[in-house]
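The values are calculated or read from the model by the stated rules, or taken from the named source; none is laboratory data. All values derive from a computational prediction rather than experimental measurement. Here the Cβ positions follow ideal geometry from the backbone for every residue, glycine too, while neighbour counts run over all protein chains shown. Note: accessible area is taken over every heavy atom of the protein model, side chains too, but ligands, DNA and RNA are not part of it. Shrake-Rupley method; radii C 1.70, N 1.55, O 1.52, S 1.80 Å.
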Amino acid sequence: MPATKAAPKSRQTAALQTPSNLPTNATKDIAAALTTLLADTFALYLKTKNFHWHMSGPHFRDYHLLLDEQADQIFAMTDDVAERARKIGGTTLRSLGHATRLQRIEDNDAEYVTPLDMLAELRDDNLQFTAFLRETHDLCDEHNDVATASLIENWIDEAERRTWFLYETTRTHSEPA
């Protein structure tokens, strides 16, 4: 007779009790915003890696390396975003499904995307991501969470740099500066 799986242990129902001196509503609002931001970060990371893996054409090496560098920078944010949500007493993503339900950056599952379309799409996504970062920063300002706001300021700078590089990479020589 085949062995049967044991019933799963009952799930823990007690809240995680990370101490914080932020008001409860601030913890709830900021942790939720950071969790959504984390979902967007993973979506942007995976799209950047997708385009990195599927890059082709005469500028392959340059674009391939650019996207790899940008993906590394995006991925480096993930732990800091999640840990910040936990530090203030909230929770964060628990699964890929959870991330998918929250993400605002759209996936691109197309069989083929031209190199310039890849770069333009990532440029626009990074620009949108910057707007999401600014919204979260504004929420932190409302709740006087200067530590989270400070982290976000660095991520805004990084996202603006990625946007700039992608913009310059997609410009044609005939476009005025």
| note | Scoring the range 27-177 by relative contact order with C-alpha pairs under 8 Å, at least six apart, yields a percentage of 30 percent
| field | Average projection area in nm² (convex hull over Cα atoms of the range 81-177, one quarter of hull surface) | value | 8.2 nm²
| query | With the other protein chains left in place, how much accessible area per residue, in square angstrom, belongs to the chain at a 1.4 angstrom probe? | reply | 62 Å²
| request: Would you mind computing, in nm to one decimal, how far apart the modelled labels at Thr18 and Thr91 are, each placed 7 Å from Cα along Cα→Cβ? | output: 1.3 nm
| remark: Between the alpha carbon centres of the range 116-131 and the range 141-169 the gap in Å comes to 15 Å
| message | Give me, ordered by chain and number, the residues 5 or more places off Arg104 or on other chains with an amide H under 5 Å from its own placed amide H. | response | Asp40
| note | Measuring from its Cα centre, the chain shows a charge dipole (+1 at each Lys and Arg Cβ, -1 at each Asp and Glu Cβ) which, in debye to the nearest 20, is 1100 debye
| message | Over the Cα atoms, compute the radius of gyration (one decimal) and Dmax (the largest Cα-Cα distance, rounded to a whole number) for the chain, in Å. | response | 19.5, 76
| task | Mind giving me the FRET efficiency for Ser56 and Glu106? R0 is 22 Å, r the Cβ-Cβ distance, nearest 0.05 is fine. | result | 0.50
| Mind checking which of Gln128, Gln17, Gln70 has the largest fluctuation in a GNM of the chain, springs on alpha carbons under 10 Å? | Gln17
| field | Residue-by-residue Karplus 3J(HN,Hα) for the range 105-110, coefficients 6.51, -1.76, 1.60, Hz, glycine and proline x | value | 6, 6, 6, 9, 9, 4
| task | Can you pull the one-decimal nm distance between simple spin-label points at Glu69 and His98, each 7 Å off the Cα toward Cβ? | result | 3.4 nm
